[in-house]
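Before any comments, here is the structure.
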Amino acid sequence: MIVGAQWGDEGKGKVVDLLAERGDAVIRFQGGNNAGHTIVRGDEVFKFHLIPSGILYPGKPCVVGNGVVVDPRVLTDEIDGLRRRGVDLSGLRISANAHLIMPYHLLLDQAGEAKLGKREIGTTKRGIGPCYADKASRLGIRLQDVLDEKILKQKITAAMEPKRQTLREYEKHPALDLHTMTEDYLAFGHRLETYIADTPPIAWKALEEGKLVVFEGAQGTLLDIDHGTYPFVTSSNPVAGSACVGAGVGPSSIDEVWGISKAYCTRVGAGPFPTELHDDMGARIQKAGGEFGTTTGRPRRCGWLDLVALRYAVKVNGLTGIVITKLDVLRGVETLRVATRYTGPDGALFDDFPYHQSVLHRARGDLVDLPGWTDDITGARRIDDLPEAARDYLAFVEEQLGVPVVMVSVGPDRDQMIWTEAAERVRPAAA
Ligand code: GDP
Ligand code: IMO
Ligand code: MG
């Protein structure tokens, strides 16, 4: 299982793509097209929002699980785009139980943010929150509903009813016309029909046969609606425990849980960020790391690696390994800094991630200095290829987290990866 250990965009797509080569199925289990997962293969760059990052292996079962919220317009566009690039989509399966993002969810997301004004969350405005809210209210429209006109109309009518007040200013919006919406969604249903499936049995079968199933998380631990920096979070559970729910398998099926973390920190959108840099160093990391959102293009806030938050991610997810990405980006920084604890308001010290919002919002990372390196490390393929300072940096992270670093990414391309012995155990035989 691959989960984000920070605030998203850690490089999950790249890791899933690599593991998928050896895997027998890849399953997305939560989130929606708020996600943007990048895969770089030489000159070719793929950005996936809904389709699992295993799709580049022809015929590989790639499942959009029941826990994902699906905007069918985005999904069909993504399918068309990949088809134009010659990608074989025969392995794609979408859970009939996945909830659909409807036009009113997009408008509600916008309206909700506008209403919050300065206190906005900075959502991706993709309708994610309102869709999950409808799911919990039992007013959601599922993919299976778009195969039947009568049911679809009834459900849309019921779902829109309690939203009339909030959507009043959009009353005449063409996207909210019941007839148009029904027609559009029936058409999407028609287009997606070949991919719709009862998806948990795909995972069960592969697991029963002892095959490798890769669960692909979206977002990250600190964006989790239960365990993240609420209310500055997404509306699903990106933590490992949610993969079982969102894919339909039991926890006993999971043997490895790897958390992906950059060698530093980033965050898109609002909310607390105890190691955030507001100076030239932040700008430098942003530039060197190309830290602009995959989905919205927004600049990502940058800061030093936060080991308090990462220790928390180890616990909340039960991580068995950590993958450090973008180590190459730190090249040339003379003194690297990492937070090992926080100073809260009134000078109180925190070794553990504070649960209280008023503490967290004012906490600052207590930073430890570590020596940097100047060598180009993008060609490193073994830990021993790295300069001593880079090895020490990784060793410090391991010691602080109590979890082994299983892979180290040293550039965007799929080849730019160090596989440790622990990772070799799941490495593609042919590689
Ligand atoms: P995800 O959402 O977790 O899949 O991550 P994103 O794709 O949103 O963001 C990660 C970005 O970093 C992408 O543009 C990747 O191509 C890039 N990337 C991944 N690993 C590395 C790395 O080791 N070094 C560098 N320089 N870029 C990387
Ligand atoms: P991947 O899978 C980074 C952030 C948004 C916002 C908050 C809530 O690519 O790592 P939402 O639209 O989900 O209601 O927005 O969550 N966010 C992400 N940040 N990576 C993501 O996905 C994100 N998905 C949502 O910026 O702060
Ligand atoms: Mg991303």
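Using a 1.4 Å probe over the heavy atoms of the protein chains, calculate the carbon and sulfur portion of the accessible area of the chain as a whole percent.
50 percent
Once you order the gyration tensor axes a ≥ b ≥ c over the Cα atoms, which shape class does the stretch 169-316 get: rounded for a/c under 1.5, otherwise prolate or oblate by comparing a/b with b/c?
Oblate.
Would you mind working out the magnitude of the charge dipole of the stretch 294-431 relative to its Cα centre, with +1 at each Lys and Arg C-beta and -1 at each Asp and Glu C-beta, to the nearest 20 Debye?
660 debye
So if I place +1 on the C-beta of Lys and Arg and -1 on the C-beta of Asp and Glu, and nothing else carries charge, what would the dipole magnitude of the stretch 99-195 be about its Cα centre? I want it in debye, nearest 20.
On the way: 16 positive and 14 negative charges, 82 e Å.
Value, rounded to 20: 400 debye.
Is there a quick way to get the dipole size of the chain? I mean about its Cα centre, with the Cβ of Lys and Arg at +1 and of Asp and Glu at -1; what is the value in debye to the nearest 20?
My answer is approximately 1060 debye.
What length, rounded to one decimal in nm, is gained on full extension from ARG362 through to GLN144, with 0.36 nm per residue of separation minus their alpha-carbon distance?
Between ARG362 and GLN144, full extension yields 73.9 nm more.
Run the numbers on the stretch 99-195 and let me know its relative contact order in percent, using alpha-carbon pairs under 8 Å that are six or more apart. Please list the in-between numbers first.
Numbers: 90 pairs, mean separation 29.1, N = 97.
Contact order relative to length: 30 percent.
Considering only the other residues whose Cβ falls under 12 Å of the Cβ of LEU307, what net charge follows from Lys and Arg at +1 and Asp and Glu at -1?
My count for the surroundings of LEU307 gives -3.
Would you pull out the residues with amide H under 5 Å of VAL213's amide H, same chain only if 5 or more places away, H placed 1.01 Å from N?
Under 5 Å from the amide H of VAL213: ASP24.
Identify, among ILE377, SER252, ILE141, the residue whose Cα sits farthest towards the positive end of the charge dipole of the chain, taking +1 on the Cβ of Lys and Arg and -1 on the Cβ of Asp and Glu, with the dipole about the Cα centre.
Comparing the listed Cα positions along the dipole, ILE141 ranks first.
Can you give the relative contact order of the stretch 1-122 as a percent, counting alpha carbon pairs under 8 Å and 6+ residues apart?
22 percent
Quick one: if the Förster radius is 51 Å, what FRET efficiency do HIS190 and ASP279 give, using the C-beta to C-beta distance and rounding to 0.05?
0.40
Less than 16 Å apart at the alpha-carbon level, and either on another chain or at least 8 residues along: which lysines does that give for LYS155?
Leaving aside lysines fewer than 8 places away in the same chain, those within reach of LYS155 are LYS135, LYS163.
If the cut-off is a Cα-Cα distance under 20 Å, which aspartates and glutamates reach LYS150, setting aside same-chain residues fewer than 8 apart in sequence?
Correct list for LYS150: ASP134, GLU161, ASP177, GLU183, ASP184, GLU193.
Please identify the chymotrypsin sites (Phe, Trp or Tyr not before Pro) of the stretch 259-355 that satisfy two criteria: DSSP loop assignment and at most 10 other Cβ atoms within 10 Å. Which are they?
Taking the stretch 259-355 and a limit of 10 other Cβ atoms within 10 Å, the loop chymotrypsin sites (Phe, Trp or Tyr not before Pro) found are TYR355.
Top mean-square fluctuation among GLY13, GLY271, GLY67, Gaussian network model of the chain, C-alpha springs under 10 Å?
Comparing GLY13, GLY271, GLY67 in the GNM, the peak value goes to GLY271.
By the gyration tensor of its Cα atoms, with a ≥ b ≥ c the square roots of the eigenvalues, what is the shape of the stretch 99-195: rounded for a/c under 1.5, prolate for a/b over b/c, or oblate?
Working: a/c = 2.02, a/b = 1.66, b/c = 1.22.
Since a/c reaches 1.5 and a/b is larger than b/c, the shape of the stretch 99-195 is classed as prolate.
Would you list, by chain and number, the lysines whose Cα falls below 17 Å from the Cα of LYS14, excluding same-chain residues fewer than 8 positions away?
LYS47, LYS60, LYS262, LYS326
Length gain on complete extension for the stretch GLN110 to THR296, per 0.36 nm per residue less the alpha carbon to alpha carbon distance?
That pair, GLN110 and THR296, stretches by 65.6 nm at full extension.
Scan the chain and report its longest stretch carrying no GluC sites (Glu not before Pro) that are both in a DSSP loop and have at most 13 other Cβ atoms within 10 Å.
The answer is 1-170.
State the dimensionless ratio Rg/Rh of the chain (Rg: radius of gyration of Cα atoms; Rh: Kirkwood radius).
Working: Rg = 21.6 Å, Rh = 22.2 Å.
Expressed as Rg/Rh, it is 0.97.
The values are calculated or read from the model by the stated rules, or taken from the named source; none is laboratory data. Remember, predicted model here, so these are calculated numbers, not experimental data. All Cβ positions, even for glycine, are placed from backbone atoms using ideal geometry, and neighbour counts span all protein chains on display. These accessible areas exclude ligands, DNA and RNA; they are computed on the full protein's heavy atoms, side chains included. Shrake-Rupley method; radii C 1.70, N 1.55, O 1.52, S 1.80 Å.
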